[in-house]
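Report on the structure given below.
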Amino acid sequence: MAVYTGSKDDYLKRLRRIEGQVRGVQKMVDADTYCIDILTQVSAITKALQAVSLGLLEDHVAHCVVDAARESDEAAAEKVREAAEAIARLVRS
């Protein structure tokens, strides 16, 4: 089960808002809107996605990693490795 279930509605609301922003950028490109205005919107979308990512990462650490640490050292190490890989992907993006 996903640990973000309690926050699922919040995540979905944020993602729907981001989806609307992306559709808005598509319309801006179609309308030949000034490049800087489009880039401003892309930046806002990027920040919104980063906020979702950080929230999911926080949920993972607070629940999955902590629960695994209670289970065994090996399980904890696996969850920490997963989190580190996810952080590395986020940093590269």
Scan the stretch 3-11 and give yes if some residue there is within 13 Å of the chain's Cα centre (by Cα), loosely packed, with under 15 Cβ neighbours inside 10 Å and at pLDDT below 95, otherwise no. yes
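Inside the chain, counting only helices (runs of 4 or more DSSP H) that do not spill past its ends, which hold 2 or more residues that are in contact (Cβ under 8 Å) with a residue 12 or more places away in the chain and not hydrophobic (A, V, I, L, M, F, W, C)? Break it down into steps so the answer makes sense when it comes.
Values: elements: 8-30, 35-59, 66-71, 73-92.
Fully inside the chain and qualifying: 8-30, 35-59, 73-92.
Look at ILE45 and say whether it is of a type in the set (A, V, I, L, M, F, W, C) and either loosely packed, with under 11 Cβ neighbours inside 10 Å or more than 28 Å from ALA83 (Cβ to Cβ) (or both).
Details: of a type in the set (A, V, I, L, M, F, W, C): yes; either loosely packed, with under 11 Cβ neighbours inside 10 Å or more than 28 Å from ALA83 (Cβ to Cβ) (or both): no.
Here the answer is no, as ILE45 does not meet what is asked.
The values are calculated or read from the model by the stated rules, or taken from the named source; none is laboratory data. For clarity, every value in this text was computed on a predicted model and none was experimentally measured. So basically every Cβ, Gly included, is an ideal-geometry build from the backbone, and we count neighbours across all protein chains shown.
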